[in-house]
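**Student:** Have a look at the structure that comes next, please.
The values are calculated or read from the model by the stated rules, or taken from the named source; none is laboratory data. Values in this document were obtained by computation on a predicted structure and should not be read as measured data. With ideal geometry, Cβ positions are generated from the backbone for all residues, glycine too; neighbour counts draw on all protein chains shown. Keep in mind that these areas ignore ligands, DNA and RNA; they rest on the heavy atoms of the full protein, side chains included. Shrake-Rupley method; radii C 1.70, N 1.55, O 1.52, S 1.80 Å.
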Amino acid sequence: MQKGHSAVLTGLGAWLPPRVVDNDALSQRLDTSDEWIRTRTGIRERRIADPDTSTVDMAVQAGANALRSAGSDLVDAVVLATSTPDYVCPASAPQVASALGLSGIAAFDVNAVCTGFVYALATGGGLIAGGMADRVLVIGADVFSRLCDPADRGTVPIFGDGAGAVVLRRGLADEPGALGPFDLHSEGDNADLLIVPAGGAKQRESDDPRDHYVTMHGQAIFRHACARMAESARAVLERAGLEIDDVDRFVAHQANIRILLATAKQLKLPEDRVVANIGHAGNTSAASIPLALADACEDGSLQPGHRVLLTAFGAGLTWGSTLLTWPDVKPG
Ligand code: COA
């Protein structure tokens, strides 16, 4: 891409399953309470997909809404961030593209778990930068509730289901919506901190059914999330020649309200610049950043002209950040 050109955000869409499960409902079947979940995570309720709703279904809904918001369904590629694809093989993005009437275009999945959306933005931006696409639909969608052992009070309260999407187009680096710079990292040595041990190619079957569900070392993940998101936020700001005071809205992966606030504190970022929708959405993995953007647009806390810092952390481990000035875009 020529100097001065960039991938520019031009559409936004969200979709949450209609079924609301609040903390009281969980407390009836798990040894937990509304008070514990709210004070330790900030979550009051989450949306859970019905059994006949899959990641592809949710991604199609959010993708259609983003295309509507962009005012055109012309895109050259679909990049789907998910760690809960409908099948181990094939990827889900081609089915999403076909269901959206986009059969024939490039479509593939990106799996960076809860950092997936930031990685997918970088990938979509890279397709545009490399001249392989002019417009890209980037979707984050997960039914992470299906990876949670129904008997595990450590994970069930945290995760919810949902999908969010944006449309990127080729544009200028100095116009509102232009993405970048990016900061992306991983650390595979800590893969076991949040892992589904069985079901993949390494261990197809297991005698212990719990191996097919996610196991999480919550406190270690908490510490890594705060440190890595703060590090990455600083790195991307430095690369852009900006200070933390230049950030109007911090839209980070919605893992836990305490993680969001602790990270903001490390960054010396005032709390009123932190966008949080975790109270009603829970941790929706790859969907959480676009869902938070859509909610902040709807409630008016995100306005055109705001400088937005996007930061995420997830299993892998993976983490990363990017920046944009919010364009005149509303959820479709
Ligand atoms: N309800 C009631 N009690 C619970 C509970 C629940 N749902 N889950 C755990 N507990 C108990 C524990 O058994 C423990 O009891 P003990 O002191 O008798 O041993 C106690 O609460 C404290 O557990 P702890 O794990 O220290 O709590 P915490 O303050 O670290 O909070 C998490 C747990 C999972 C909420 C927190 O660690 C967290 O959010 N981690 C990050 C998870 C995350 O973001 N994952 C996704 C990354 S993208």
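**Student:** Any residue in region 17-30 that's assigned by TED's automatic domain parsing to the domain that holds G154: show its pairings with residues that are within 14 Å of the ligand (Cβ to nearest atom) and polar (S, T, N, Q) at Cβ separation under 6 Å, as long as the two are six or more apart or on different chains.
**Tutor:** Hits for this filter: S27/S33.
**Student:** Then there's this: Given (1) over 16 Å from the mean Cα position of the chain (by Cα); (2) of a type in the set (S, T, N, Q); (3) open to solvent by less than 10 Å² (accessible area, probe 1.4 Å), where does T325 come up short, assuming only one miss?
**Tutor:** For T325, the exception is condition (3).
**Student:** Continuing with this model, one more query. In the list V88, V79, which residue meets the criterion of being touching a helix residue (DSSP H, G or I) at 6+ places or on another chain (Cβ under 6 Å), assigned by TED's automatic domain parsing to the domain that holds D161, away from the ligand (no atom under 16 Å from the Cβ) and β-branched (V, I, T)? Explain how you work it out, then say what you get.
**Tutor:** Values: V88 fails: touching a helix residue (DSSP H, G or I) at 6+ places or on another chain (Cβ under 6 Å).
Exactly one residue qualifies, and that residue is V79.
**Student:** Within region 243-253, track down each residue that is more than 9 Å from the ligand (Cβ to nearest atom) and within 15 Å of C226 (Cβ to Cβ).
**Tutor:** Result: F250, A252.
**Student:** Right, A122: open to solvent by 10 Å² or more (accessible area, probe 1.4 Å), away from the ligand (no atom under 16 Å from the Cβ) and within 26 Å of R234 (Cβ to Cβ) or not?
**Tutor:** yes
**Student:** I would also like to ask the following. So how many residues does region 163-178 have that are closer than 14 Å to V8 by Cβ and open to solvent by less than 20 Å² (accessible area, probe 1.4 Å)?
**Tutor:** 6
**Student:** Continuing with this model, one more query. Any residue in region 234-260 that is closer than 11 Å to V274 by Cα and open to solvent by 40 Å² or more (accessible area, probe 1.4 Å) sitting within a Cβ distance under 9 Å of a residue that is more than 15 Å from the ligand (Cβ to nearest atom) and of a type in the set (G, A, S)? List the pairs, counting only those 6 or more apart or interchain.
**Tutor:** D248/G305; R249/A296; R249/S301
**Student:** Specify which of the listed residues (G160, G188) is loosely packed, with under 15 Cβ neighbours inside 10 Å and either under 22 Å from the mean Cα position of the chain (by Cα) or more than 16 Å from the ligand (Cβ to nearest atom) (or both).
**Tutor:** Only one candidate passes the filter, namely G188.
**Student:** What are the residues in region 57-90 that are modelled with pLDDT of 95 or more and out of contact with any strand residue (DSSP E or B) (no Cβ under 8 Å at 6 or more places or on another chain), if any?
**Tutor:** Within region 57-90, D57, V60, D86, Y87, V88, C89, P90 meet the criteria.
**Student:** Can you tell me which residue within region 130-144, out of those that are closer than 27 Å to P209 by Cβ and more than 13 Å from the ligand (Cβ to nearest atom), is surrounded by the fewest Cβ atoms within 10 Å (Cβ to Cβ)?
**Tutor:** The residue in question is V143.
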